[in-house]
Amino acid sequence: MGQKIHPLGFRLGTTQNHDSIWFAQPRNYSENLKEDKIIQDCIKNYIQKTPGVEGIGRIKIKKTIDQIQVIIYMVLPTLLTEGKPRRIEELQTNVQKKLNCVTRKINITSTRIPNAYSDPNILAEFIAGQLKNRISFRKAIKKAIELAEQAGTKGVQVQIAGRIDGKEIARVEWIREGRVPLQTIRAKIDYCSYPVRTIYGVLGIKVWIFLNND
């Protein structure tokens, strides 16, 4: 059988960097890891519940002794800075409460993704939205690939697994357009897996995007 490896972990140190940067002693490592998960989940839940705010690419975290710096990569970061009180300040207090850390200050900023559809998370979110509206999966994938090609990518592969179109037997369907060289470490490939709840059950969406050769 073919051995599958996570495309981002495989490229760490060459074309890929860590999304979370901090240093911890072995005994404190698990605590820091839990903190990262809480921060990411809290931000994602807040954005899902807030109407009109969507499109998170990735969340980067930098930790120092007295501060946690969080950068949210979004399609429209202005949506977080609007309103009274500003949504980003509300989000900051939410995360601070969840983490329950008194000694460290949390600073959250949002940055715009230049080519939104060259980010696999945004593409997966788009496909998920289409599937929830009961649009045929092939149509949704083809539209997503079209958007990715317009954003200047060299190749896209999309895979959907589960009870597609409500069929009784779960299956895996995938479509590839252009080149996606997963074996080449030099190739800058972005990847994400995204679960989507439909009325038939949970479907898994995976998106690989080949950006360029470094």
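Things to note:
- The fraction of Cα-Cα pairs per 5 angstrom bin, counted from 0 for segment 116-210, comes to 3, 15, 27, 25, 15, 9, 4, 1, 0 percent, rounded to whole percents.
- For Lys98, the lysines whose Cα falls under 16 Å of its own Cα, not counting residues fewer than eight places away in the same chain, are Lys34, Lys37, Lys44.
- Here the gap between Val202 and Ala24, fully extended at 0.36 nm per residue and compared with their Cα-Cα distance, gives a gain of 60.5 nm.
- Candidate lysines - alpha carbon under 19 Å from Lys142, same-chain residues fewer than 8 apart omitted: Lys132, Lys154, Lys206
- Kirkwood hydrodynamic radius over Cα pairs of segment 42-112, then Stokes diffusion coefficient at 37 °C and 0.692 mPa s, in µm²/s: 264 µm²/s
- Computed E for Gln183/Lys62 - FRET, C-beta separation, R0 35 angstrom, nearest 0.05: 0.65
- Glu90 accessible area, 1.4 Å probe, all protein chains in place, Å² to nearest 10: 80 Å²
- Accessible surface of segment 16-112 [probe 1.4 Å, protein heavy atoms]: carbon and sulfur percent: 53 percent
- Alpha-carbon Debye profile of segment 40-160, log10 I(q)/I(0) at 0.09 Å⁻¹: -0.31
- Between Glu31 and Ser193, the contour length at 0.36 nm per residue exceeds the Cα-Cα span by 55.8 nm.
- The chain - percent relative contact order, Cα under 8 Å, separation 6 or more: 19 percent
- Here the chain is treated as an ellipsoid with the same Cα gyration tensor; its semi-axes, largest first and in whole Å, are 31, 22, 17.
- Placing a pseudo-label 7 Å from each Cα along the Cα-to-Cβ vector at Lys143 and Thr93 gives an inter-label distance of 3.8 nm.
The values are calculated or read from the model by the stated rules, or taken from the named source; none is laboratory data. Only a predicted model underlies this, so the values are computations on that prediction, with no experimental measurement involved. Cβ sites come from the backbone with ideal geometry, for glycine too, and all protein chains shown count toward neighbours. Each accessible area value is taken on the protein alone, full model and side chains, heavy atoms only, with ligands, DNA and RNA left out. Shrake-Rupley method; radii C 1.70, N 1.55, O 1.52, S 1.80 Å.
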